[in-house]
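This report refers to the structure that appears directly beneath it.
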């Protein structure tokens, strides 16, 4: 059975490339243009580092040094500039061929994954901060006004709702319980009855 490797290269949704250890792409598949917006000519005529986020340049240079030394690159990540502005996170796997001065690479867009990871990290950080606040509150006596039911927080009297929202980011809405409603109706009827009698 004969296989058309050109179709494999051209139809791949992953970004496939052959690059030189001189820092230039030699061949890129259409997925590069689809993901990054740059034409094949632009990708082949500019140094690879020109597409890399400035904060990732040093790590990318180190990775290229490793490739020159014959060390494959596995799950290396950097940010690549896209033509419309901004960056995409790319995860690279590359195998070097030092005798030819080339390496063969595969890149995959992991931007969405990175965004979700950052969201999880922020949520965990928020939960850890709230946990620390809870532990701190557990070590302290909370002063509650017996008359107004307000809580003393750093020298100020605030409502119970404000206290929970401030320390635990809990939002509130208000309603009326059946017990309170029944009591209200009894009081209302008594007041109305007294009002009628006075008339």
| field | Degrees between helix 178-198 axis and first principal axis of the chain (Cα, 0 to 90, nearest 10) | value | 40
| field | Relative contact order, percent, the chain [alpha-carbon distance under 8 Å, six or more residues apart] | value | 13
| Footprinting exposure proxy for 17, 145 (fewest neighbouring C-beta atoms within 10 Å first) | 145, 17
| said: Test of understanding: in a Gaussian network model of the chain with alpha carbons linked when under 10 Å, which of 155, 175, 37 would top the mean-square fluctuation ranking? | reply: 175
| task | Compute the long axis of helix 57-68 from its Cα atoms, compare it with the longest principal axis of the Cα atoms of the chain, and write down the angle in degrees, 0 to 90, nearest 10. | result | 40
| Alpha-carbon radius of gyration plus Dmax, which is the widest Cα pair, for segment 5-109 in Å | 12.7, 37
| query | Per-residue ellipticity at 222 nm for the chain, helices alone: DSSP H runs ≥ 4 residues times -39500 (n - 2.57), over residue total, nearest 500 deg cm²/dmol? | reply | -14500 deg cm²/dmol
| request: Quick one: order 34, 15 by neighbouring beta-carbon count within 10 Å, fewest to most. | output: 34, 15
| request: Please arrange 125, 150, 88 by counting, for each residue, the other beta carbons lying within 10 Å of its beta carbon, fewest first. | output: 125, 150, 88
| query | Angle, helix 111-138 long axis vs. longest principal axis of the chain, Cα atoms, 0 to 90°, nearest 10? | reply | 40
| task | Set the Förster distance to 25 Å, then compute FRET efficiency between residue 39 and residue 74 from the Cβ-Cβ distance, nearest 0.05. | result | 0.30
| query | Out of these labelled values of Rg and Dmax of the Cα atoms in Å, (i) 32.4, 110; (ii) 16.1, 46; (iii) 29.6, 107, which was calculated from the coordinates shown here? | reply | (i)
| note | Within the set 105, 23, 85, GNM on the chain using Cα springs under 10 Å gives the largest fluctuation to 85
| query | Considering the chain as a Gaussian network with a 10 Å cut-off on Cα pairs, which listed residue, 22, 55, 153, attains the greatest mean-square fluctuation? | reply | 153
| said: So if the hydrodynamic radius of segment 35-82 is defined as the Kirkwood radius over C-alpha pairs, what does Stokes-Einstein give as its diffusion coefficient at 25 °C and 0.890 mPa s, in µm² per second? | reply: 209
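Each value in this text was obtained by applying a stated rule to the coordinates, not by laboratory testing. Predicted model only: the values in this text are computed from it and were never measured. Virtual Cβ from ideal backbone geometry, glycine too; neighbours counted across all protein chains shown.
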